[in-house]
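The values are calculated or read from the model by the stated rules, or taken from the named source; none is laboratory data. Note that the structure is a prediction, hence the values are computed from the model and not measured. Methodologically, a virtual Cβ is constructed for each residue, glycine included, from the backbone with ideal geometry; neighbour enumeration extends over all protein chains shown.
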Amino acid sequence: MTTAQNAGGAAAPPGAIQPAGGSALAGGEQVIYEGEPALVSSIGIVFLLILTAGLAGIWLYFARGGTKYKITTQRVVVDRGIFSKKMEQLELYRINDFTVDRPFGQRLLGTGNITLTTFDKTTPVVHLGGLKTDVVKLYETMRSAVEASKQSRGVRMVDME
């Protein structure tokens, strides 16, 4: 039987649904259609997905795109904002501790986070998120710069328990 013929051998009318696989079931029963539902069954769903992805992209741009980090041998500068700007500066000698965070998803993308615990009263914790560099190497470089900054200023840390 060809796809242009029906079960009786006669030509099927144009536009008729052809049997799937052409296999006959018991009692002359034939499969008219066999398949799975479409992943996206409506153009409205497609528009909703595009709109949602677009809104997520805009949010990500405003959340991440407006942040710039600059780390020098003397300070950390965080510049935030797209329309209204806010710049925070932290002298390296005020940094007390580092936390390097490299979640699996960020490791796949080659990014990571560094959190700085400081002695600064206005910003006791500074989070540098989504850094596009080897954060472990950056941490080592920053740690050396912090120690050099403390030595040049004569700053010593005293543990009181």
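Restricting to region 34-56, give me the number of residues that are surrounded by 10 or more Cβ atoms within 10 Å (Cβ to Cβ) and either in a helix (DSSP H, G or I) or modelled with pLDDT of 90 or more (or both).
Looking only at region 34-56, we keep the residues that are surrounded by 10 or more Cβ atoms within 10 Å (Cβ to Cβ), and these are 40, 45-56.
Subsequent filtering for residues that are either in a helix (DSSP H, G or I) or modelled with pLDDT of 90 or more (or both) retains 45-56.
Adding up the residues that qualify gives 12.
Identify the residue in region 102-130 that is among the hydrophobic types (A, V, I, L, M, F, W, C) and out of contact with any helix residue (DSSP H, G or I) (no Cβ under 7 Å at 6 or more places or on another chain) and, among all such residues, is nearest to GLU88 (Cα to Cα). Restricting to residues being among the hydrophobic types (A, V, I, L, M, F, W, C) and out of contact with any helix residue (DSSP H, G or I) (no Cβ under 7 Å at 6 or more places or on another chain), the top hit is VAL126.
Looking across region 148-161, just one residue is surrounded by 10 or more Cβ atoms within 10 Å (Cβ to Cβ) and farther than 15 Å from ARG75 by Cβ, and that is GLN151.
Here's the yes/no breakdown for (1) within 18 Å of LYS70 (Cα to Cα); (2) within 27 Å of the chain's Cα centre (by Cα); (3) modelled with pLDDT under 95:
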{"position": "ASP97", "(1), (2), (3)": "no, yes, no"}
{"position": "LEU116", "(1), (2), (3)": "yes, yes, no"}
{"position": "PHE119", "(1), (2), (3)": "no, no, yes"}
{"position": "VAL125", "(1), (2), (3)": "yes, yes, no"}
{"position": "LEU128", "(1), (2), (3)": "yes, yes, yes"}
{"position": "MET160", "(1), (2), (3)": "no, no, yes"}
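Among the residues making up region 69-94, none is part of a helix (DSSP H, G or I) and among the polar types (S, T, N, Q). Contact map, region 92-113: residues that are in contact (Cβ under 8 Å) with a residue 24 or more places away in the chain paired with residues that are assigned to a helix (DSSP H, G or I) and of a type in the set (D, E, K, R), Cβ distance under 6 Å, separation 6+ or inter-chain. Pairs shown: TYR93/LYS150; TYR93/ARG153. Taking every residue in region 133-159 that is assigned to a helix (DSSP H, G or I) and pairing it with any residue that is among the aromatic types (Phe, Trp, Tyr) and surrounded by 13 or more Cβ atoms within 10 Å (Cβ to Cβ), at least 6 positions away or on another chain, the pairs with Cβ-Cβ distances below 6 Å are TYR139/PHE98; SER149/TYR93; LYS150/TYR93; ARG153/TYR93.
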